[in-house]
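The values are calculated or read from the model by the stated rules, or taken from the named source; none is laboratory data. None of the values given here were measured: they were computed from a predicted structure. Because the Cβ atoms are built from the backbone with ideal geometry, glycine has one as well, and the counts that use them run over all protein chains shown. Quick note on the areas: whole protein, heavy atoms, side chains included, nothing else; ligands and nucleic acids left out. Shrake-Rupley method; radii C 1.70, N 1.55, O 1.52, S 1.80 Å.
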Amino acid sequence: MVSIYQTKKKTNLPQHAVLDVQRWDHEAQGISTHQGKICFIEAALPGEQVQCRIIEQKKDYSRAVVQKVLQPAPARVKPLCPSAAQCGGCQLQFVAPESALQLKQQAVAGLLAHQLKVSALPWQAPLWQAPLSANSSGYRRKARIGVWYDKQSRQFQVGFRQAGGKEILDIPHCMVLSPVIAPVLSVLRKTLPQLQHGSAITHAEVLDADGQAFVVIRHIKALADTDIALLKAAWPEAWWIGEPQSDEFVAWQPDTPQPEYRLASGQRLQFDATDFIQVNAPVNQAMVAQAIAWLMPEKSDQVLDLYCGIGNFSLAFAPLVAQVTGVEGVANMVQRATANAALNGYSNCSFMQGDLHLPWQGQPWSRGNYHKVILDPARAGAAGAVDEIVKLKPAQILYVSCNAATFARDARVLLGNRYQISKIGVMDMFPYTSHLELMALFELS
């Protein structure tokens, strides 16, 4: 019998709905119910009544965007940034940072209490420590600035991607950029039209390295010497670097220093534009200090630092313990961490490259007798790695996470292997956004 393919009938989505927002989820989306199932609402606050448009219908849930706030919550404020409605950088300009932090913490605590089935995890419990936060403006020390040349209008767009799209939104000023690097927007906007090959520039990485500005210009073909001279002259206080290819950096001044930042205890960490660093310097300092305070390192301790990056935690612990072993998946960052240990005169640090999500049997770092383990994975979490960590039976495990959902998944493994959470707290590394980092101390019972 011949089977004739028939297209599925399109489901007509309801255009509008009036919903009461009950709470936030861990991604700062409003939660309500619509037609008997959960509905996630962008840009809605708990306690509000909103008119919204349904943009997605699934079997178990739907998604919506706010069209009009009918009954605003007390926490709702007028955005300070005039570009907030269009810019994809800050999703939460409509709520005061202090209120947003409290709501985000409540949402994360609710997720963990549900996922981990631990009744002792309400957000008010003594288990939860005070959140770490800093100024909500001028905090970002690293950013990517998009550049788009419109051939028809012969105009440059300089800024960030629009919310929900790939187009570059022209931003005259960004309130979350560090004052050291904030001039990059006006400098590029003024200078690009003067360049011979300005349309070859696709974006710029801008860095605040402890008060010194660096700009890495990414371009798809060679720039004229006059172009380079114009850029340097437009912002002489900054160090300019070119990147014509993804793996090649060319310093445009012969004496260009290596970008670096210092930890509160004095250690110097050098890095490249492509290296991961925590973009919020004050919160990073507080996070490292809290890690030391919670783990209480002793001179006899052996510490394993997983997903160690350029050595942010490793170098802070090095003078306090007998040995630090760092493991990282990216070869360049392993080299940078090794160089940073030498830069600071530490001979008790060793760094290795490896895929931590694969079985560790036979790997050199799996043979240590570690008293304390630190892990700071990416948003995907530490699936596989936590199974290997429990085999080492360290007395303490400090888990730093940027994704509460994957943290909950990994925490279940630790809780199922005789570990208990003794401390937990959040870190507002990205004010005005839905992101929230957390730190938890697991101890072997």
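Here the relative contact order of segment 334-445, from alpha carbon pairs under 8 Å that lie six or more residues apart, stands at 22 percent. Calculated [222 nm] ellipticity per residue, helices only, for the chain: -6000 deg cm²/dmol; basis is -39500 (n - 2.57) per DSSP H run with n ≥ 4, divided by all residues, nearest 500. Computed over segment 130-185, the P(r) curve from all C-alpha pair distances, binned at 10 Å from the origin, holds 22, 43, 25, 8, 2, 0 percent per bin.
Of the peptides 189-197, 300-308, the ranking by mean beta-carbon count within 10 Å, highest at the top, reads 300-308, 189-197.
Using alpha carbons only, how many angstrom separate the centre of segment 195-261 from the centre of segment 144-173? The distance from the Cα centre of segment 195-261 to that of segment 144-173 comes to 19 Å.
Give LYS117/LYS166; LYS58/LYS391; LYS104/LYS166; LYS151/LYS232; LYS166/LYS190 a once-over and call out the pairs whose C-alpha atoms are over 32 Å from each other. Don't skip to the end; give the middle numbers.
Numbers: LYS117/LYS166 40 Å; LYS58/LYS391 41 Å; LYS104/LYS166 27 Å; LYS151/LYS232 25 Å; LYS166/LYS190 23 Å.
Exceeds cut-off: LYS117/LYS166; LYS58/LYS391.
Write down the Kirkwood hydrodynamic radius of segment 51-108, to one decimal in angstroms, obtained as one divided by the mean of 1/r over all alpha carbon pairs. Walk me through the numbers before you get to the answer.
Values: mean 1/r = 0.0748 Å⁻¹.
Mean inverse Cα-Cα distance, inverted, gives 13.4 Å.
This structure gives Cα extents along the principal axes in Å, computed directly, and of (1) 64, 63, 63; (2) 64, 50, 47; (3) 77, 47, 38 that value is listed as (1).
The accessible surface of the chain, taken with every protein chain in place and a 1.4 Å probe, is 52 percent carbon and sulfur. Straight-distance candidates among the lysines for linking to LYS299, with alpha-carbon spacing under 22 Å and chain neighbours fewer than 8 residues away dropped: LYS372, LYS393. Surface calculation, 1.4 Å probe, protein heavy atoms: HIS357 sits at approximately 90 Å² accessible. Considering only the other residues whose Cβ falls under 15 Å of the Cβ of SER199, what net charge follows from Lys and Arg at +1 and Asp and Glu at -1? The answer is +3. Taking Lys and Arg as +1 and Asp and Glu as -1, the other residues whose beta-carbon sits under 12 Å from that of LEU441 total +1.
When only Cα pairs under 8 Å and 6 or more residues apart are kept, what is the percent relative contact order across the chain? Could you put the intermediate results ahead of the total?
Values: 906 pairs, mean separation 51.7, N = 445.
For the chain, the relative contact order is 12 percent.
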